[in-house]
1. When the residues of segment 23-78 are filtered to those that are open to solvent by 50 Å² or more (accessible area, probe 1.4 Å) and closer than 12 Å to F89 by Cα, which remaining residue is nearest to the chain's Cα centre (by Cα)?
2. Among the candidates Q7, Q14, which residue alone is surrounded by 15 or more Cβ atoms within 10 Å (Cβ to Cβ) and modelled with pLDDT under 80?
3. Output yes when any residue across segment 106-122 is among the aliphatic types (A, V, I, L, M), out of contact with any helix residue (DSSP H, G or I) (no Cβ under 7 Å at 6 or more places or on another chain) and surrounded by 13 or more Cβ atoms within 10 Å (Cβ to Cβ), and no when none is.
4. Any idea which of I215, I162 is surrounded by 12 or more Cβ atoms within 10 Å (Cβ to Cβ) and more than 20 Å from R258 (Cβ to Cβ)?
5. Looking at segment 273-308, which of its residues are of a type outside the set (A, V, I, L, M, F, W, C) and either closer than 15 Å to N339 by Cβ or crowded, with 22+ Cβ neighbours inside 10 Å (or both)?
6. Going by what's in this entry, would L263 be described as under 30 Å from I252 (Cα atoms) and either of a type outside the set (K, R) or more than 48 Å from the chain's Cα centre (by Cα) (or both)?
7. Is it the case, given these coordinates, that S140 is more than 30 Å from F72 (Cβ to Cβ), modelled with pLDDT of 90 or more, in contact with a helix residue (DSSP H, G or I) (Cβ under 8 Å, 6 or more places away or on another chain) and surrounded by fewer than 17 Cβ atoms within 10 Å (Cβ to Cβ)?
8. Would you pick out the residues in segment 317-349 that are in contact (Cβ under 8 Å) with a residue 60 or more places away in the chain and over 53 Å from the mean Cα position of the chain (by Cα)?
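The values are calculated or read from the model by the stated rules, or taken from the named source; none is laboratory data. For clarity, every value in this text was computed on a predicted model and none was experimentally measured. Using ideal geometry, Cβ is built from the backbone for each residue, glycine included, and neighbour counts are taken over all protein chains shown. With ligands, DNA and RNA removed, areas are computed over all heavy atoms of the protein, side chains included. Shrake-Rupley method; radii C 1.70, N 1.55, O 1.52, S 1.80 Å.
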Amino acid sequence: MSENSNQFLDALKQMQGVEVGDIVDVEVLDIEDGQIDVGVENAGVEGVITRREYTSDRNADLRDLVKPGDKFKALVLRRAGGDKENGEFFFSVTRLKEREAYDKLQKDFEDGNAVEGTVTSSVRGGLIVDVGTRGFLPASLISNRYVSDLKPYIGKTMKLKITEIDPNKNRLILSHKDLVEEEREEAFDKVASQLVVGDVVEGKVSRLTNFGAFIDVGGVDGLVHISEISYKHVDKPSDVLKVGQDVKVKVIGIDNDRHRISLSIKQTEPSPFEQATADLNEGDIFEGEVKSLTNFGAFVEVADGIQGLVHVSEISNKHVDKPSDVLKVGQSVKVKVLNIDPSDRRISLSIKAADSNVSSENHNSRPRRSRNENSVNKKYMSDNDNGFALGDIIGDQLKDRK
């Protein structure tokens, strides 16, 4: 067989070897309006690559992108319709890149690696992201917080996790939220390991809500509930705090399972009780106003908003059936401080011990309270700053009216 015959058979074999789905080396022959004419190297097969199969830019001028003689790899997409000389094919560069991208993304998905992509546009329900191929980032997976406006994300480069991939269906679902949560957990573990309940640290207000303020402490957000912002009533956190404001906070809870840190601003400052009793000592005698009466005693104002209890047994040396028999609301009385309990925020007072007519022995010594008296006091004392339950006070007043 002649040399020319062998070359012809080799060329024929190569031509017959070009199949749909193959990846081949092509050379640019010519650039026409909207397509590139190419030839398969060493195969004698020609075909075209349309603009959309070469670039995702629908407005691109192909002459700015390639020139005759350029060589690159392309995917054999399909045969051209009709009987064409040399068996003309359609080729694609974009789909080859997508296939290669999917191969890499599949490995990243299996290994749990993060990928980087650029947001190209927004659609209903999420964002379109270029990660070497087209991926979809649902709005619910953009952040660990609700995102209402998608437009600011367009053009941004983001790190993402792959949550679902199916090359056959050209389906690629991405998530930024998963990555944020992973990073947040790592940051929480690091910060939480350095904190203990009771620590007072510096922080910065990162976000305000109706129920409280989120404070950045070392890269992790902790929550100051609205009730922990101030000892005074706060309608809205934004009334007293601003985003970016530096604040001192006390760590009052660490939940490792839920990755939450509870903080308090008000507990870094003296409470109204502590302020009111700072200069008050057991044995002090002063004038106070009777604020309310119950069956078990009288509440006398010690300072603005702070009241102490004069138990019925401490009103007089004489037997008193009901405090209302000898005292009136608004009446000014002289009282002696019997006990100050900072932990329970309770103040026990005595009128009879402050009476100048009482013997010096009784006046100078601290009266002993019976077991029954102590139990009565505990029953009617709460964790409020005034030390007593308002419901119990009102309840006894209603009983007096019957």
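1. Checked segment 23-78; the qualifying residue nearest to the chain's Cα centre (by Cα) is R78.
2. On the way: Q7 fails: surrounded by 15 or more Cβ atoms within 10 Å (Cβ to Cβ).
Testing whether each residue is surrounded by 15 or more Cβ atoms within 10 Å (Cβ to Cβ) and modelled with pLDDT under 80 leaves just Q14.
3. No, the conditions are met nowhere in segment 106-122.
4. On the way: I215 fails: more than 20 Å from R258 (Cβ to Cβ).
Unique residue meeting the criteria: I162.
5. T277, N281, E282, G283, D284, G288, T294, G297, Q307, G308
6. Working: under 30 Å from I252 (Cα atoms): yes; either of a type outside the set (K, R) or more than 48 Å from the chain's Cα centre (by Cα) (or both): yes.
Yes: the conditions hold for L263.
7. Against the criterion (more than 30 Å from F72 (Cβ to Cβ), modelled with pLDDT of 90 or more, in contact with a helix residue (DSSP H, G or I) (Cβ under 8 Å, 6 or more places away or on another chain) and surrounded by fewer than 17 Cβ atoms within 10 Å (Cβ to Cβ)), S140 qualifies.
8. Correct list: K322, S324.
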